[in-house]
Amino acid sequence: MLTLFHAPKSRSGTIVWVLEELGVPYETRIVDIRRGDGSGTRDPANPHPHGKVPCLQHDGQRIFEIAAITLYLTDLFPEAKLGPRVGDPKRGEYLSWLAYRPGVLEPAMMMRRLNVKHIPGTMGWAEAGEVEEALSSALAGRQYLLGDEFSAADISVGGTINFMMMFKLMPETPVFKDYTARITSRPAFRRMMEKESAR
Ligand SMILES: N[C@@H](CCC(=O)N[C@@H](CS)C(=O)NCC(=O)O)C(=O)O
């Protein structure tokens, strides 16, 4: 059984969306987390090494970090075609975008929000404006990050763009608006949102 340690209205919604796209059985364990407003506490029931969400348990394994969990799941259920398999010419690009969200996109936007100066050549990610340009050019003339096929990279990166635009942390450009409208019209996204609002 797949067990997702989850906190409503948090980054672990990404994994709920992945699981809903996969259409596989899973159980959800709601845990408390420390929130940005000072509420919440670290939950001893959560096996994540920092008490964060998401965290997944499967067959005695613990998997944490969105990029790792997403890859684990899309490899586990290749028939769902949510991520290219090893040997597929799009595999490299898929892995790159999965790593891009926590490694580049999130830190760049967070730094801008906190007004921290970007120091090129020192930080392991790019400046926020440059990240927006890279994403725009990756999406220009394409339906999805990997081309015509939707993948879990769109859940992770596209879901983050959608969230950032909602909170005015990224500009609502036509490219980003069209793209996020496309991915958020998916039934699995709506199921995730319904589950989240019921919790
Ligand atoms: N890099 C992590 C980020 C996970 C994360 O920070 N989750 C937040 C929820 S949005 C959390 O659990 N925060 C609680 C805390 O920082 O203690 C991932 O990609 O999984």
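Coordinate-derived values only; no laboratory data. Everything quoted here is computed from the prediction, not taken from an experiment. Every residue, glycine as well, gets a Cβ built from its backbone with ideal geometry; the counts of neighbours run over all protein chains shown.
Structure summary
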{"read-out": "Conditions (1) outside any loop (DSSP other than H, G, I, E, B); (2) in contact with a Cys (Cβ under 7 Å, 6 or more places away or on another chain); (3) within 12 Å of the ligand (Cβ to nearest atom); number of the one not met by His48", "value": "(1)"}
{"read-out": "Exclusive hit being touching a Gly at 6+ places or on another chain (Cβ under 8 Å) and among the polar types (S, T, N, Q), set Thr28, Thr74, Thr41", "value": "Thr74"}
{"read-out": "Single residue of region 51-85 satisfying the filter (near the ligand (Cβ under 10 Å from one of its atoms) and assigned to a loop (DSSP other than H, G, I, E, B)) that is farthest from Gly158 (Cα to Cα)", "value": "Gly51"}
{"read-out": "Residues of region 3-22 that turn out to be more than 10 Å from the ligand (Cβ to nearest atom) and either charged (D, E, K, R) or touching a residue at least 60 places away in the same chain (Cβ under 8 Å) (or both), as a count", "value": "7"}
{"read-out": "Out of Leu56, Leu76, Leu95, Leu82, sole residue that is touching a residue at least 24 places away in the same chain (Cβ under 8 Å), surrounded by 12 or more Cβ atoms within 10 Å (Cβ to Cβ) and touching a strand residue (DSSP E or B) at 6+ places or on another chain (Cβ under 9 Å)", "value": "Leu56"}
